[in-house]
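Here's the structure we're looking at; comments come further down.
The values are calculated or read from the model by the stated rules, or taken from the named source; none is laboratory data. Just so it is clear, the model here is predicted, and its values are computed rather than measured. Using ideal geometry, Cβ is built from the backbone for each residue, glycine included, and neighbour counts are taken over all protein chains shown. The area values use the complete protein model at the heavy-atom level, side chains included, leaving out ligands, DNA and RNA. Shrake-Rupley method; radii C 1.70, N 1.55, O 1.52, S 1.80 Å.
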Amino acid sequence: MFPKHQKNVKLVQYGSTNEGRPLLAMFIASDENIGRLEEIRHNNLRLAGISSGSSSGSSSTASTATTTATATTPVIVWLSYNVHGNEPSSSEAAMQTLYDMVDPANTRTKPWLRNTVVVIDPCLNPDGRDRYVNFYNSVKGEKPDANPAAREHSEPWPGGRVNHYYFDLNRDWAWQTQKETRARVALFNEWLPQIHVDFHEQGSNSPYYFAPAAEPFHKDITPWQKEFQTIIGKNNAKYFDQNGWLYFTKQEFDLLYPSYGDTYPIYNGSIGMTYEQGGIGAGLAIVTRMGDTLTLADRIAHHLSNSLSTIETGSAYAQRAVEEFKKYFENSRANPPGEYKTYVIKNDNEDKMAALAKTLDRNGIQYGFGVKSSATGFNYFNGKTEQFAIGQSDMVINAYQPKSVLLNVLLEPKTFVADSITYDITAWALPYAYGLNAYGVTESIKPGSEGMAAIKTVPVAPASAYAYVCAWQSIEDVKFLAALLKEKIKVRYTETPFEAGGKKFEAGSLIITKAGNDRADFAQTITRLATNYKRELMPLTSGFVDKGSDLGSDHIKYMAPPKVMLIAGDGVNSEAMGEVWHFFEQQIGYPVTLVKYNDLGRVKLSDFDIAIFPGGRYMDFPSDRLQAWVRDGGKLIAIENAVGQLVDKKGFDIKKKEDKKDDKTGAKDHPTVDMVYENRDRDATSATVPGAIYRLTIDNTHPLGFGLPKYYYSLKLNDDIYEPLGDGNWNVGTIKKDNLVAGFVGQKSKEKIKDGMLLGVQHLGRGSVVYMVDDPLFRSFWENGKLLFSNAVFMAGQ
């Protein structure tokens, strides 16, 4: 595809997908610069005050930016295409952009490379794209059918938007839960471009969208980042105007949630932007509502125009862009944003702390660990400013570092939302997501040591032990349990705390006895698995405990390895289903069988112990056959709006919480009387919850709450709340008053979300129903929900 003898390109494979497809990036530069890409990269990191040789978890960085003149430093323009697999026109445009940039005969583009390095990632989601393309090619006729009703414009479930595990990769930049994202963001952070564009498609009836973005903007976005978005937007508009193409700006796509392909680069010093071409489901051609025929060629032309326009503007403003980039990071190191200059994360749970450290490492955020001292700070969990002690194992994150903006965005307790109309969730603070208590401190405190604490050593379990006990307090313990069950080791757990060997074991602790595990390699297997999963086992020499129930008591429950069915297919929210699928396969390594909901009538239900229904819209749910299976001993786990579909169904005790109405309200007081049409979108937000954090009261004596404290921070995406379950059932997670912690909630929804049940367990015959009103595995970054979900699978309702 390249002109002959092309020398100014470098192709890099930076990773691969779950299905084995390569992830590729093409670097384009002048003949002079292509041979010194590494030098350019290192110099760019020095401009940011980052030593490219230091580890991201360390607090050592270059103290000052390089003195290299910014006038001779090329600007880096990074173009990312096709993160959503069924938005394919951008990958096609990427190929034409590449050709136009390397064509030596192209007198328009060739001068840009004198001061610009262009990076093209032609397809961020190859698995999703192939799913879409294979579908389309299998159903299209000899000629494209532009009628919107044609089947070629209607993808089957789950569609090509998502990756192999049905994750939306455009929501994963900061969390990096997916294989593709981790590889891509690692490469991105090795370069830190000055300009980044994420190319998308939207509904086929929409005109083109490009920056400047809509409100709300996060308050940490700089005036230059806003200004340059407008400069680029105006240059884009110039070419669209010349061609008579429709477009819009400053609407719908805001800059708040930190894990998008525009916001994540912005919080890392780039000019981050989203470009949206109308065309999802358009195939090769589709007739729009205006009666025009939108072709793939049209969509490619629009994306190509803005690809080249953005590079052109980057080149024209190269020196200013590099200077502002350098200034951005100088200010980050010298004057970090936000009220808090130090964050202290209490080491209440080593496993959760290690998981948080891994996320910080991947994002290049520096941290260390404290020395014994005291400080005054804002307590995330009680909302008070108080004095507290800093222990040697507590994580200390000083804000005076290159990534201080990203640090502030990810850890600030409450994100200021300037406009109630937002595109995504409005709360995500990592201490709540990980269930780790934290303090925000207004003074600068330097950590006493760098990097993550040394991994604890696991004692070798003696062969003569009567039983071994393992704590149950994190996803790492769940992984260990899954490994034991796969090795056919019989496991028990305690329903009540007990003391033995001078140590206290909380409810939920795993107990592995010799009894029932009559095998010659028992001790060796236990030791090997404990070592592999870094679990500390407490050997017991007797089943007679010091305090509490002995190991033969009926309070010590045998855990039969559950056979799990996960509902998939038409009607199921594919992303919600994918979170569960990914959790079982990639996180805990436990078998799960995916069953299409439409096939449920033909499935031998007795082959399964658990049926998980993610959020979705299910016809004839629950069927008489499914109810009979539950009554006969099955466990049904209903999540999100699957819960609501059980309301008023025979045998199910779940009831919607009724809104209180004031009978004295007259017609003149009706809220719609004074509504103004112009404000209709904003007025509609009064009954919305675009992602907010609530504090739940947890009954942690119930198996659904094992391993959790007496509270849990839940990410609510709707205002669903239910009446407490009746006698004989268990209300495990409740809101006893208005417990909003962070995020925007409309006034009507705020009044509704109080004094109700969000987590419950109902006994139904010999079986049970677990109600989880909020998604505990949301985008897989809500770390604290993973233990809660594991309780639902392995313990609750046994």
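Which shape class applies to segment 160-274: rounded if a/c is under 1.5, otherwise prolate when a/b exceeds b/c and oblate if not, where a ≥ b ≥ c are the square roots of the Cα gyration tensor eigenvalues?
Taking the square roots of the gyration eigenvalues as a ≥ b ≥ c, segment 160-274 is oblate.
Determine, for each peptide in 272-280, 690-698, the mean count of other beta carbons within 10 angstrom over its residues, then list the peptides with the highest first.
My ranking of the peptides, most packed first, is 272-280, 690-698.
Quick one: which residues, 5 or more positions from GLY272 or on another chain, have an amide H under 5 Å from its amide H? H modelled 1.01 Å from N in the peptide plane, none for Pro or chain starts.
For GLY272, whose amide H was placed from the backbone, the distant partners under 5 Å are HIS196, ILE266.
For TYR711, what residues show an amide H to amide H distance below 5 Å, using hydrogens built from the backbone and excluding near sequence neighbours?
ILE698
For VAL409, VAL9, write out the residues from largest to smallest accessible area, computed with a 1.4 angstrom probe and no ligands counted.
VAL9, VAL409
Given Cβ point charges of +1 (Lys, Arg) and -1 (Asp, Glu) and nothing else, what value in debye, to the nearest 20, does the dipole of the chain about its Cα centre take?
Dipole magnitude for the chain comes out near 1280 debye.
Assign one of three labels to segment 275-346, namely rounded, prolate or oblate, based on the Cα gyration tensor with a ≥ b ≥ c the square roots of its eigenvalues; rounded applies when a/c is under 1.5, prolate when it is not and a/b is larger than b/c, and oblate otherwise.
Since a/c reaches 1.5 but b/c is at least a/b, the shape of segment 275-346 is classed as oblate.
Going by average Cβ density within 10 Å per residue, which order do the peptides 550-557, 767-774, 745-752, 264-271 take, highest to lowest?
264-271, 767-774, 745-752, 550-557
Please name which of GLY616, GLY552, PHE584 has its Cα lying farthest along the dipole of segment 548-637 towards the positive end, using unit charges on Cβ (Lys, Arg +1; Asp, Glu -1) and the Cα centre as origin.
GLY616
Towards the positive end of the charge dipole of the chain, with charges on Cβ (+1 Lys, Arg; -1 Asp, Glu), say which of ALA429, TRP782, ALA483 has the farthest Cα.
Toward the positive end, the furthest listed residue is ALA483.
Please give the helix 296-316 orientation as an angle from the longest Cα principal axis of the chain, in degrees from 0 to 90, rounded to the nearest 10.
80
How far, in degrees from 0 to 90, does helix 350-362 lean away from the longest principal axis of the Cα atoms of the chain, to the nearest 10?
Approximately 10 degrees, to the nearest 10.
Cross-link partners among lysines for LYS326, C-alpha distance below 18 Å, same-chain residues fewer than 8 apart left out?
LYS226, LYS403
Under 5 Å between amide hydrogens, which residues at least 5 positions from LYS403 or on another chain qualify, with H placed 1.01 Å from N in the peptide plane?
GLN366
Rounded if a/c is under 1.5, else prolate if a/b beats b/c, else oblate: with a ≥ b ≥ c from the C-alpha gyration tensor eigenvalues square-rooted, which is segment 579-623?
oblate
Considering only protein heavy atoms, with the full assembly of protein chains and a 1.4 angstrom probe, order HIS763, HIS153 by accessible area, largest first.
HIS763, HIS153
What full-extension length gain, to one decimal in nm, is calculated for GLU585 and SER542 as 0.36 nm per residue of separation minus the Cα-Cα distance?
Roughly 11.9 nm would be gained on extension.
What dipole magnitude, in Debye to the nearest 20, does segment 238-393 give about its Cα centre under +1 on Lys/Arg Cβ and -1 on Asp/Glu Cβ?
420
Stretched out fully, how many nm does the piece from ASP103 to ASP130 gain, at 0.36 nm a residue minus the Cα gap?
Once the chain is fully extended between ASP103 and ASP130, it gains 6.9 nm.
May I ask for the angle, rounded to the nearest 10°, between helix 522-532 and the longest principal axis of the chain, with both axes built from Cα atoms and the value confined to 0 to 90°?
Here the helix axis deviates by roughly 30 degrees.
Of the heavy-atom accessible surface of segment 299-433 (probe 1.4 angstrom), what whole percent is carbon and sulfur?
47
Using θ = phi - 60° and the Karplus relation 6.51 cos²θ - 1.76 cosθ + 1.60, list the HN-Hα couplings for segment 156-163 in order, rounded to whole Hz, with x at every Gly or Pro.
3J(HN,Hα) across segment 156-163, in whole Hz: x, 4, x, x, x, 4, 9, 7.
Taking K and R as +1 and D and E as -1, what net charge do the other residues with C-beta under 13 Å from the C-beta of LYS10 add up to?
+1
Quick check for you: with a 1.4 Å probe and neighbouring chains kept, what is the accessible area per residue of segment 137-271, in Å²?
Value for segment 137-271: 34 Å² per residue.
What length, rounded to one decimal in nm, is gained on full extension from LEU284 through to ALA628, with 0.36 nm per residue of separation minus their alpha-carbon distance?
Value of the extension gain: 119.0 nm.
Among the lysines, which fall within straight-line cross-link reach of LYS754, defined as a Cα-Cα distance under 16 Å, with same-chain neighbours fewer than 8 residues apart omitted?
Result set, ordered by chain and number: LYS655, LYS656, LYS657, LYS660, LYS661, LYS716, LYS736, LYS737.
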